[in-house]
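One structure below.
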Amino acid sequence: MTADADRWRRCSSCKAPIAFDATYWACNVSTCNRGRTALAFCSVSCWDAHLALVPHRESWAVERRAPSRAQWEREQTAERGASAAGAVARSAPAAQAAPPAQGPPAPQAPAGPDAQAAPRRILPPPARPDPVPQDVLIVTSKLKAYVRARSGMNTSDRCVEPLSDAVRRLTDRAIEKARAEGRKTVLARDFE
């Protein structure tokens with residue numbers, strides 16, 4: 001991006017010039033401030049106009065100061081140097097690449113039908129700021145209907161608390177099994 005003699009950039013909305021060391025406004029949303037897009041607006045009304053094209057959930061205009069001419073030229077020189085170095089690195093043949101560092105070979109995954117791959121990662125238990133709720137996990141009406149259908153018996157209301165505790169224990173074991181395998185999802189096989 002080049003600058004004319006009297007301007008740093010043009011407004012992203014109305015294309016009016018923004019001078020060096022001048023105040024300008026930027027959108028607080030990160031996608032509007034990436035290297036290639038980097039939107040700059042000469043006024044808050046120009047910033048507001050861009051919301052018609054890119055509706056953000058929550059955004060505001062941030063007042064900023066354009067760089068001085070000397071700062072801008074230093075940035076441009078550094079950018080050109082970095083892009084030239086990257087182009088040279090990409091065009092160098094693979095044969096001239098540095099030899100790999102000597103060291104122990106990387107461990108290989110076991111092969112064969114019975115081989116199991118090592119777990120990808122072990123997840124730490126999450127921090128629990130609040131105690132785990134001890135709510136009833138069993139639908140009482142469904143339990144009573146099942147017991148009546150299977151045996152013709154009635155079911156006490158006090159049965160749901162011990163059953164909820166048993167479900168919690170089974171679920172805690174399944175959570176630990178999923179965590180040991182490096183997953184963030186508890187699967188049906190974790191309850192086996």
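The values are calculated or read from the model by the stated rules, or taken from the named source; none is laboratory data. From a predicted model like this one, the values you see are computed outputs, not experimental measurements. All Cβ positions, even for glycine, are placed from backbone atoms using ideal geometry, and neighbour counts span all protein chains on display.
Specify the residue that is nearest to E63 (Cα to Cα); the eligible residues are those in region 13-44 that are of a type in the set (F, W, Y) and touching a residue at least 40 places away in the same chain (Cβ under 8 Å).
We begin by selecting, within region 13-44, every residue of a type in the set (F, W, Y); these are 20, 24-25, 41.
From the residues that got through so far, the ones that are touching a residue at least 40 places away in the same chain (Cβ under 8 Å) too are 20, 24.
On the way: F20: 15, Y24: 6 Å.
Here the answer is Y24.
Is it the case that some residue within region 45-60 is surrounded by fewer than 12 Cβ atoms within 10 Å (Cβ to Cβ), in contact (Cβ under 8 Å) with a residue 12 or more places away in the chain, not β-branched (V, I, T) and not in a loop (DSSP other than H, G, I, E, B)?
no
Could you run through region 1-15 and say how many residues are modelled with pLDDT of 80 or more and surrounded by fewer than 13 Cβ atoms within 10 Å (Cβ to Cβ)? Show your work before the answer.
Within region 1-15, the subset modelled with pLDDT of 80 or more is 7-15.
Narrowing the set further to residues that are surrounded by fewer than 13 Cβ atoms within 10 Å (Cβ to Cβ) leaves 14-15.
Selection size over region 1-15: 2.
Quick one: A26 ticks every box in (1) at positive phi; (2) modelled with pLDDT of 80 or more bar one, so which box is it?
Evaluating A26 over (1) at positive phi; (2) modelled with pLDDT of 80 or more leaves (1) as the failure.
Out of Q108, Q116, report the one residue that is out of contact with any Phe, Trp or Tyr (no Cβ under 8 Å at 6 or more places or on another chain), of a type in the set (S, T, N, Q) and modelled with pLDDT of 60 or more. I'd like the intermediate steps shown before the answer.
Numbers: Q108 fails: modelled with pLDDT of 60 or more.
Sole residue among the options that is out of contact with any Phe, Trp or Tyr (no Cβ under 8 Å at 6 or more places or on another chain), of a type in the set (S, T, N, Q) and modelled with pLDDT of 60 or more: Q116.
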